[in-house]
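The values are calculated or read from the model by the stated rules, or taken from the named source; none is laboratory data. As the structure is a computational prediction, the values presented were derived from the model and not from experiment. Note that each Cβ is placed from the backbone with ideal geometry, even for glycine, and that neighbours are counted across all protein chains shown.
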Amino acid sequence: MPKTPELIYMPHLIRWIKSKLRFKYLKKIWDPEFSEGAFIYGSTQAVCRITEIINSGNIEELEGLMTVSAKIKLQDDINYRLSQAQKKLIVLKPKDIKILVPINVTFDKEGPGKICRVGLRVLALKWHEMTKENYKLVLVALQTEFSRDYGEDAAPDWIISGFSILECAMLTEATATR
């Protein structure tokens, strides 16, 4: 299998600084146990799990992983927007994810609720075997949002509140080298 190309990400500096400061605020004021590294790791696992569910078509497995509105939107994408080929190609493993970057961190106080939302952009590259010696490079681009309610009676879990498939396509072809 060919080596997967590396991607270079140049962050939007102001956005990157804002995200870092907001993660520090989250840890200091709302959640002393919060770890950005653990959050990114968990987000990576969650994104991979959702792509597995898209591939398998077992939509009932989304229960508890996503908000109702996110689940409905994803079901529409699965049923009406994604081709069978895309559903097959979209499955990601953590090693396929080349870039997973926070694009926004917001805090909302709604009545007794305190909700933190983190938007992430995900870019993945992987090789898809066409024949024993022929591979195509697959690009998967996603935008996700994770939410957590820090209100007094809320469950202490992050949930996916947005999952948009921006791109799922074959880019180029390569021949296996030995």
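Does the range 31-64 hold any residues that are touching a Lys or Arg at 6+ places or on another chain (Cβ under 9 Å), exposed (fewer than 12 other Cβ atoms within 10 Å of the Cβ) and within 19 Å of residue 151 (Cβ to Cβ), and which are they? Scanning the range 31-64 gives a single hit, 33. Considering (1) surrounded by fewer than 18 Cβ atoms within 10 Å (Cβ to Cβ); (2) of a type in the set (Val, Ile, Thr); (3) within 19 Å of residue 150 (Cα to Cα); (4) under 15 Å from the mean Cα position of the chain (by Cα), the lone condition that residue 101 does not fulfil carries the number (3).
Of 109, 73, 87, all but one fail to be under 15 Å from residue 141 (Cα atoms) and not hydrophobic (A, V, I, L, M, F, W, C); the exception is 87.
Being small (Gly, Ala, Ser) and in a helix (DSSP H, G or I) is the filter; apply it to the range 44-71 and report the residue that is nearest to residue 87 (Cα to Cα). Within the range 44-71, the match that is nearest to residue 87 (Cα to Cα) is 56. In this structure, is residue 134 farther than 30 Å from residue 3 by Cβ and either surrounded by fewer than 16 Cβ atoms within 10 Å (Cβ to Cβ) or without any contact (Cβ under 8 Å) to a residue 40 or more places away in the chain (or both)? Against the criterion (farther than 30 Å from residue 3 by Cβ and either surrounded by fewer than 16 Cβ atoms within 10 Å (Cβ to Cβ) or without any contact (Cβ under 8 Å) to a residue 40 or more places away in the chain (or both)), residue 134 does not qualify.
Counting just the residues of the range 104-124 that are of a type in the set (Gly, Ala, Ser) and more than 16 Å from residue 40 (Cβ to Cβ), which one comes out surrounded by the fewest Cβ atoms within 10 Å (Cβ to Cβ)? Don't jump to the end; show me each part of the working.
Let us first name the residues in the range 104-124 that are of a type in the set (Gly, Ala, Ser), namely 111, 113, 119, 124.
Pick out the ones that are also more than 16 Å from residue 40 (Cβ to Cβ) and you get 111, 113.
On the way: 111: 6, 113: 13.
So, considering only residues that are of a type in the set (Gly, Ala, Ser) and more than 16 Å from residue 40 (Cβ to Cβ), the one surrounded by the fewest Cβ atoms within 10 Å (Cβ to Cβ) is 111.
Taking the conditions (1) touching a strand residue (DSSP E or B) at 6+ places or on another chain (Cβ under 8 Å); (2) surrounded by 15 or more Cβ atoms within 10 Å (Cβ to Cβ); (3) closer than 13 Å to residue 50 by Cα; (4) not charged (D, E, K, R) in turn, residue 147 satisfies each one other than (3).
Criterion applied to 28, 87, 3, 71 was being more than 17 Å from residue 146 (Cα to Cα) and within 17 Å of the chain's Cα centre (by Cα), and the one residue passing it is 87.
Residue-wise test of (1) part of a helix (DSSP H, G or I); (2) at pLDDT 95 or above; (3) under 28 Å from residue 171 (Cβ atoms); (4) out of contact with any strand residue (DSSP E or B) (no Cβ under 7 Å at 6 or more places or on another chain).
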{"position": "23", "(1), (2), (3), (4)": "yes, yes, no, no"}
{"position": "29", "(1), (2), (3), (4)": "yes, no, no, yes"}
{"position": "32", "(1), (2), (3), (4)": "no, yes, no, yes"}
{"position": "38", "(1), (2), (3), (4)": "yes, yes, no, yes"}
{"position": "42", "(1), (2), (3), (4)": "yes, yes, no, yes"}
{"position": "73", "(1), (2), (3), (4)": "yes, yes, yes, yes"}
{"position": "78", "(1), (2), (3), (4)": "yes, no, yes, yes"}
{"position": "105", "(1), (2), (3), (4)": "no, yes, no, no"}
{"position": "124", "(1), (2), (3), (4)": "no, yes, yes, no"}
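Does at least one position in the range 53-60 carry a residue that is modelled with pLDDT under 95 and acidic (Asp, Glu)? Among the residues of the range 53-60, at least one is modelled with pLDDT under 95 and acidic (Asp, Glu), which makes the answer yes. Filter the range 80-95 for residues that are without any contact (Cβ under 8 Å) to a residue 60 or more places away in the chain and either under 21 Å from residue 130 (Cα atoms) or not in a helix (DSSP H, G or I) (or both) and give the result. 83, 84, 85, 87, 88, 91, 92, 93, 95 - these are the residues of the range 80-95 that are without any contact (Cβ under 8 Å) to a residue 60 or more places away in the chain and either under 21 Å from residue 130 (Cα atoms) or not in a helix (DSSP H, G or I) (or both).
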